Amino acid sequence: MNDLRRRLGLPGLVVTVAAAVGLGIDSGFGVVVGVGLALAGGLGTVGLRLAPDARGRAAAIGPALAALALGAVAAAPSPLAAPIAALGGIGILLWLLDDPDRPSGGPARGRYVILLPGLAAAIAWAGALVLPAGSIDFGFAAVFLVVTFGLVAVLLGRPDLFDREEALA
Amino acid sequence: MSAPAPGGLHWRPRTYLLLAVGAALAAAGVVLRDPTPLYLALVLLLAPVAAAFAAPRRDPVVRLAWGENGPLDEIRVEGAVTPPEGIAPEDLEVSVARPPGLGGPSAAATRVEGGAVRFEGRWSTDAPAITPVAPPHVVWRDPAGLVERAVALDAADLTVVRYPPELTRLRLVRLDRTTVLPGEIRSRRIGASGEFFGVREAVAGDPARRVNWWASARRGRLLANEYALERAGDVVVFVDLRPTSLGREADERLLGIERATALGVADSFVAAKARVGIALFGEFLDAVPLSTGRDQRLRIRAALASARRAHVGGPSERGGVALRRFFPPGTTTILVSPLVDEAADPLVPHLTRRGYPVVVLSPSPVALLPRGAALAPEDEALADRLARLLRRAELAGTWQFAPVVDWTDAGSLGGFVEFLRRPSPRRSS
């Protein structure tokens with residue numbers, strides 16, 4: 001069971017497909033097409049992930065990502081659709097971290113890949129909810145401000161980031 | 001020490017996919033005035049940035065400890081790649097490709113264990129082989145596979161050598177001593193390095209105190225002293241690297257057998273304190289002059305590991321003439337050659353006429369000849385028998401000038417060793 005979970009990247013896939021289904025239910029495609037699209041994307045990803053060919057496995061993220069992106073574009077704007085789309089993106093990243101061709105423990109070692117975008121999306125959403133209507137741009141401004149502060153803090157903490165590689169003769 | 005791979009941070013294909021989809025979603029969000037695609041775009045666009053920040057700031061240098069073992073027909077290459085502090089071994093991608101000429105899986109199996117990435121490759125060979133193993137390709141890759149960075153290796157090179165074990169008995173063969181270079185006379189002085197034996201061509205790495213300046217001045221080129229407390233004799237291993245009419249594929253197989261065999265013969269005689277030289281004859285003749293000891297063994301190994309089949313074969317007479325420039329006449333010469341085109345351009349008589357006692361070890365190409373796909377088993381047996389008879393007839397011409405050992409079983413050289421120890425009339429290995 002654990003092996004199958006890793007081979008399919010189940011946690012990430014479930015989150016992604018659930019988000020795509022959530023977006024599909026309220027999409028302009030209609031419920032059946034929207035949900036069908038989401039499920040087809042999930043099935044396509046599962047099929048490619050189980051492919052014996054390494055190139056097929058490398059392209060496995062394509063169907064689920066396409067289904068999620070289509071769902072996000074077609075979804076009717078609502079306070080819930082935005083975090084669901086962001087959650088779907090997090091699911092994609094979680095799925096990438098759970099690569100069966102690499103040593104286990106990817107999600108734990110690569111938590112920063114999830115934390116930074118997740119934090120940014122959470123701040124944007126919170127800003128959009130808390131701020132008066134029509135002030136979504138403030139939410140995004142807050143995200144960029146926080147990200148900028150974060151980057152400055154990292155750069156101050158690690159001055160060696162500015163080191164240059166010695167040129168190879 | 002292996003040369004480091006080109007350095008720097010590299011985005012992987014899936015990063016471009018995320019960035020492209022993220023950019024398209026951002027554009028769609030702006031055009032449709034809909035924040036939902038923007039939220040997904042935000043996540044997809046920031047993920048590669050986060051991955052890049054977690055990457056090592058410089059190309060890390062990892063320590064590689066590796067070696068090879070196994071019996072004659074199996075090669076096990078094992079090793080461990082240990083990352084420096086601060087880098088998880090799980091984030092290292094290590095791939096070890098199968099060395100050329102060997103059979104088995106295309107790459108070694110890897111696993112993370114004890115803070116290092118361990119790898120084990122099991123490959124097989126059905127003939128003597130001398131094959132350099134390419135150092136593992138190591139990159140650091142973030143857990144999401146978005147970004148990678150080249151990793152430099154701190155390791156010694158590895159060469160796989162397999163030759164029949166009977167060659168170790170070659171040290172029992174009695175070799176003739178040859179003395180012709182100027183100044184090669186007995187000395188009454190007994191130095192710290194033993195009894196003076198003679199002089200030879202100086203080679204790179206000889207210390208200045210070993211150079212015989214008087215002999216060098218007379219000869220016009222650098223000559224070095226040699227000491228002869230335990231020296232057994234002289235032998236030249238002459239490897240025929242000219243292309244044959246068998247075609248490129250068969251030539252490459254024969255080349256692997258010839259190089260490994262020459263190394264085995266040279267190693268055995270060097271271990272017996274004999275002076276050993278190597279002559280590599282393709283279009284022209286390259287040589288490792290006579291010498292003995294550990295340094296000479298390494299020189300011979302390097303020369304044979306880099307030997308390649310020539311595109312154009314030099315005339316046989318050139319081989320005989322050029323040999324005189326490097327080795328004194330009278331030196332026992334072991335010619336390793338398939339003798340495929342010997343009838344058209346004979347090499348052996350040119351060597352014997354110039355004073356070299358030659359023994360020919362000839363890897364048989366019969367097993368490498370292309371088979372007719374439509375032949376019935378009995379027809380195939382008949383064709384095989386005819387090919388062997390033809391080969392025997394071809395070798396008979398060479399027997400007029402030198403003894404020939406027809407080497408038919410690539411896994412054993414017992415017949416050749418016995419022949420050298422007790423030369424007798426025509427026989428097959």
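A few notes on this one:
- Exactly one residue out of A:VAL113, A:VAL73, A:VAL15, A:VAL35 is touching a residue at least 12 places away in the same chain (Cβ under 8 Å), farther than 30 Å from B:ILE87 by Cβ and assigned to a helix (DSSP H, G or I): that is A:VAL35.
- Scan of the stretch A:65-82 for residues that are farther than 16 Å from A:LEU13 by Cβ, crowded, with 18+ Cβ neighbours inside 10 Å and more than 7 Å from chain B (Cβ to nearest Cβ), ordered by number: A:LEU70, A:ALA74
- The condition (being at pLDDT 90 or above, closer than 20 Å to B:VAL21 by Cα and over 15 Å from the mean Cα position of the chain (by Cα)) is satisfied by just one residue among A:GLY88, A:GLY44: A:GLY44.
- Consider the stretch B:45-73 and keep the residues that are under 20 Å from the mean Cα position of the chain (by Cα) and modelled with pLDDT under 85. The one that is surrounded by the fewest Cβ atoms within 10 Å (Cβ to Cβ) is B:PRO71.
- Looking only at the stretch A:76-102, residues that are in a loop (DSSP other than H, G, I, E, B) and closer than 20 Å to B:ALA52 by Cα come to 3 in all.
- Test: residue in the stretch A:110-131 that is more than 16 Å from the chain's Cα centre (by Cα) and of a type in the set (Lys, Arg): no
- Filtering the stretch A:11-39 to residues that are closer than 22 Å to A:ALA86 by Cβ and small (Gly, Ala, Ser) leaves A:GLY12, A:ALA18, A:ALA19, A:ALA20, A:GLY22, A:GLY24, A:SER27, A:GLY28, A:GLY34, A:ALA38.
- Among the residues of the stretch B:299-308, the ones that are outside any helix (DSSP H, G or I) and crowded, with 19+ Cβ neighbours inside 10 Å come to 1 in all.
Results for (1) within 16 Å of the chain's Cα centre (by Cα); (2) at pLDDT below 90, shown as yes or no for each residue.
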{"residue": "B:ARG253", "(1), (2)": "yes, yes"}
{"residue": "B:ALA260", "(1), (2)": "yes, yes"}
{"residue": "B:SER268", "(1), (2)": "no, yes"}
{"residue": "B:ALA271", "(1), (2)": "no, yes"}
{"residue": "B:GLY277", "(1), (2)": "no, no"}
{"residue": "B:GLY293", "(1), (2)": "no, yes"}
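- Within the stretch B:90-107, the presence of at least one residue that is touching a residue at least 60 places away in the same chain (Cβ under 8 Å) and either surrounded by 14 or more Cβ atoms within 10 Å (Cβ to Cβ) or within 12 Å of chain A (Cβ to nearest Cβ) (or both) is confirmed.
- The stretch B:73-95: number of residues that are of a type in the set (A, V, I, L, M, F, W, C), in a loop (DSSP other than H, G, I, E, B) and closer than 13 Å to B:ARG118 by Cβ: 0
- If you check B:GLY314, B:GLY256 for being touching a residue at least 60 places away in the same chain (Cβ under 8 Å) and assigned to a loop (DSSP other than H, G, I, E, B), only one passes: B:GLY314.
- For B:ARG12: the one exception among (1) in contact (Cβ under 8 Å) with a residue 24 or more places away in the chain; (2) more than 10 Å from chain A (Cβ to nearest Cβ); (3) over 24 Å from A:GLY150 (Cα atoms): (2)
- Qualifying residue in the stretch B:201-223 (condition: over 30 Å from B:SER362 (Cα atoms), in contact with a helix residue (DSSP H, G or I) (Cβ under 6 Å, 6 or more places away or on another chain) and not in a loop (DSSP other than H, G, I, E, B)): yes
The values are calculated or read from the model by the stated rules, or taken from the named source; none is laboratory data. It should be emphasised that the depicted structure is a prediction, and the values quoted were computed from it without experimental measurement. Note: ideal-geometry Cβ built from the backbone for every residue, glycine included; neighbour counts use all protein chains shown.
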